[in-house]
Amino acid sequence: MNRARRPLIAGNWKMNAGGQEAFGLATGVADGARGKDRVEVVIAPPFTALAAVAYELHEAKSTVMVGAQNMHHEPGGAFTGEISAPMLKDSGAVWVILGHSERRQHFGETDEIVARKVTAAIRADLRPIACVGETLAEREADQTLEVVERQVRALLDELAKKPGFGVIAYEPVWAIGTGKVARPEDAQEVHALIRKLLTESSPELGAATRILYGGSVKADNAEGLLSQPDIDGALVGGASLDAAGFGKIVESAERLAEAAERG
Ligand code: PEP
């Protein structure tokens with residue numbers, strides 16, 4: 001963690017808590033985040049709960065922000081079943097997760113599609129959390145850095161249009177939902193590469209962009225990861241469905257940010 005960048009903890013609820021359960025969970029997250037002013041907290045419910053959760057958080061005067069888990073790259077039109085960036089913005093979303101590995105794997109999203117979505121999100125004033133990460137086969141073939149470099153390069157021009165507005169999440173695919181978390185030093189190696197690519201594109205982009213780690217982050221492993229110099233937060237899947245556990249991750253980030261402030 002670097003004190004120049006405000007830590008960001010984002011919860012990806014995936015295809016869970018899209019109905020009544022969303023309210024209790026969002027309230028629990030808002031309660032846990034209260035007073036943790038050094039940290040930005042985002043929750044990404046399914047589309048069906050997004051507007052209601054955004055309204056609930058607004059009424060509760062919570063600083064917790066709402067994000068979507070995906071969107072279409074066109075602003076509107078004949079795309080049955082799809083949702084656009086302006087619609088998300090209108091529904092109260094501030095953020096949108098793009099290019100999650102589950103989208104790349106199950107819905108055929110390519111680097112090019114992800115870049116188009118990032119462009120569309122920024123155009124609609126919606127802040128992208130763009131996900132990158134290698135599969136197990138790629139890691140075993142020693143291709144991690146190469147794969148992540150390709151995925152990040154596809155996004156640089158878009159992110160450079162508004163330095164610091166977008167976020168990159170490094171999520172090794174083999175660590176997502178498996179309980180197999182990356183070792184902090186291994187994650188840091190990839191984050192350092194991403195930082196280098198951003199900085200080569202523009203020093204301002206490198207300094208301002210937050211790079212989150214995602215992949216089996218839990219209350220008991222968050223601190224080690226967040227202590228790394230180029231890890232600016234976490235994208236949390238499974239553990240974000242438990243408000244108390246998610247609150248502990250937010251607490252770790254707050255504690256580390258406070259310690260960084262003291263020097
Ligand atoms: C995710 O879905 O982005 C994720 C990181 O999931 P999990 O925390 O469950 O590994």
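The values are calculated or read from the model by the stated rules, or taken from the named source; none is laboratory data. Being a predicted model, the structure only gives us computed values, none of them experimental. Because the Cβ atoms are built from the backbone with ideal geometry, glycine has one as well, and the counts that use them run over all protein chains shown. When the accessible area is computed, the model is the full protein with side chains, heavy atoms only, and any ligands, DNA or RNA have been set aside. Shrake-Rupley method; radii C 1.70, N 1.55, O 1.52, S 1.80 Å.
Can you tell me which residue within the range 71-89, out of those that are among the hydrophobic types (A, V, I, L, M, F, W, C) and open to solvent by less than 10 Å² (accessible area, probe 1.4 Å), is nearest to the chain's Cα centre (by Cα)?
Only one residue fits best here, namely 71.
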* Structure fact -> By residue number, the members of the range 181-211 that are open to solvent by less than 30 Å² (accessible area, probe 1.4 Å) and touching a Gly at 6+ places or on another chain (Cβ under 7 Å) are 182, 195, 198, 209, 210
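Which residue is modelled with the highest pLDDT, if the candidates are limited to the range 137-180 and must be open to solvent by 60 Å² or more (accessible area, probe 1.4 Å) and within 16 Å of the ligand (Cβ to nearest atom)? Please lay out each step first, then the result.
So in the range 137-180, the residues open to solvent by 60 Å² or more (accessible area, probe 1.4 Å) come out as 137, 139-140, 142-143, 145-146, 150, 153, 157, 161-162, 177-178, 180.
After this cut, where a residue has to be within 16 Å of the ligand (Cβ to nearest atom) as well, the list is 139, 177-178, 180.
Values: 139: 96, 177: 91, 178: 93, 180: 92.
The extreme case among them is 139.
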* Name the residue, out of 30, 17, 26, 51, that is more than 16 Å from the ligand (Cβ to nearest atom), open to solvent by 10 Å² or more (accessible area, probe 1.4 Å) and of a type in the set (A, V, I, L, M). => 51
* Asked: Got a sec? Which of 222, 239 is within 20 Å of residue 129 (Cβ to Cβ) and crowded, with 24+ Cβ neighbours inside 10 Å?
  -> 222
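Within the range 35-47, how many residues are surrounded by 13 or more Cβ atoms within 10 Å (Cβ to Cβ) and out of contact with any Asp or Glu (no Cβ under 7 Å at 6 or more places or on another chain)?
To start, the set of residues in the range 35-47 that are surrounded by 13 or more Cβ atoms within 10 Å (Cβ to Cβ) comprises 36, 38-47.
Going one step further and asking which of them are out of contact with any Asp or Glu (no Cβ under 7 Å at 6 or more places or on another chain), we end up with 40-47.
The number of residues fulfilling the criteria is 8.
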* Asked: How many residues does the range 227-250 hold that are farther than 17 Å from residue 65 by Cβ, within 14 Å of the ligand (Cβ to nearest atom) and aliphatic (A, V, I, L, M)?
  -> 3
* To do: Return the residue satisfying two criteria in turn: it lies in the range 1-53 and is over 17 Å from the mean Cα position of the chain (by Cα) and of a type in the set (Val, Ile, Thr), and of such residues it is farthest from residue 245 (Cα to Cα).
  => 48
* To do: Those residues that are within 16 Å of the ligand (Cβ to nearest atom) and either modelled with pLDDT under 95 or not hydrophobic (A, V, I, L, M, F, W, C) (or both), I need them from the range 33-48; list them, please.
  => 45, 46
* If only one of 120, 68 is surrounded by 18 or more Cβ atoms within 10 Å (Cβ to Cβ) and within 16 Å of the ligand (Cβ to nearest atom), which one is it? -> 68
